[in-house]
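What follows is a set of notes on a single structure, which appears directly below.
The values are calculated or read from the model by the stated rules, or taken from the named source; none is laboratory data. Remember, predicted model here, so these are calculated numbers, not experimental data. Don't worry about glycine lacking a Cβ; one is built from the backbone with ideal geometry, like all the others, and counts go over all protein chains shown.
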Amino acid sequence: MRTFEQAVTEWTDDINEWYRLGTGECEVKIAFQMLKESQDELSGDADEYVKTFFRESDGGWSDWLDTADRERLAHLIEVHRQQQACV
């Protein structure tokens with residue numbers, strides 16, 4: 001069963017391979033939290049979204065990102081960077 005930390009490492013590598021953002025695990029964790037918050041605002045049920053797209057049937061975390069979630073995380077990393085630059 002994969003831990004959240006192990007999954008984040010895989011997601012970070014995947015995002016960097018696809019988008020060359022030079023992101024680190026900390027930014028991916030922040031982006032994931034932002035994704036959960038935005039999903040909660042949209043549907044009111046971020047936990048179900050996470051369970052469906054980020055968790056494995058054994059309760060562990062998936063190391064695989066679908067295209068939409070990879071794009072959303074990459075976008076949220078960029079949003080977070082812009083917010084930090086404005087502070």
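Just to verify a result, which residue in segment 49-63, among those that are in contact with a helix residue (DSSP H, G or I) (Cβ under 9 Å, 6 or more places away or on another chain) and either assigned to a helix (DSSP H, G or I) or modelled with pLDDT under 95 (or both), is nearest to TRP18 (Cα to Cα)? Going through the qualifying residues, I end up with PHE53.
Of the residues making up segment 1-29, those that are more than 23 Å from GLY59 (Cβ to Cβ), among the hydrophobic types (A, V, I, L, M, F, W, C) and surrounded by 16 or more Cβ atoms within 10 Å (Cβ to Cβ) are ILE15, LEU21. A residue that is outside any helix (DSSP H, G or I), surrounded by 13 or more Cβ atoms within 10 Å (Cβ to Cβ) and over 14 Å from the mean Cα position of the chain (by Cα) occurs nowhere in segment 31-41. Whenever a residue of segment 61-87 is more than 20 Å from PHE4 (Cα to Cα), its partners that are among the aliphatic types (A, V, I, L, M) and in a helix (DSSP H, G or I), lying with C-beta atoms within less than 7 angstrom and at least six residues away or across chains, give the pairs HIS80/ILE30; HIS80/ALA31; HIS80/MET34.
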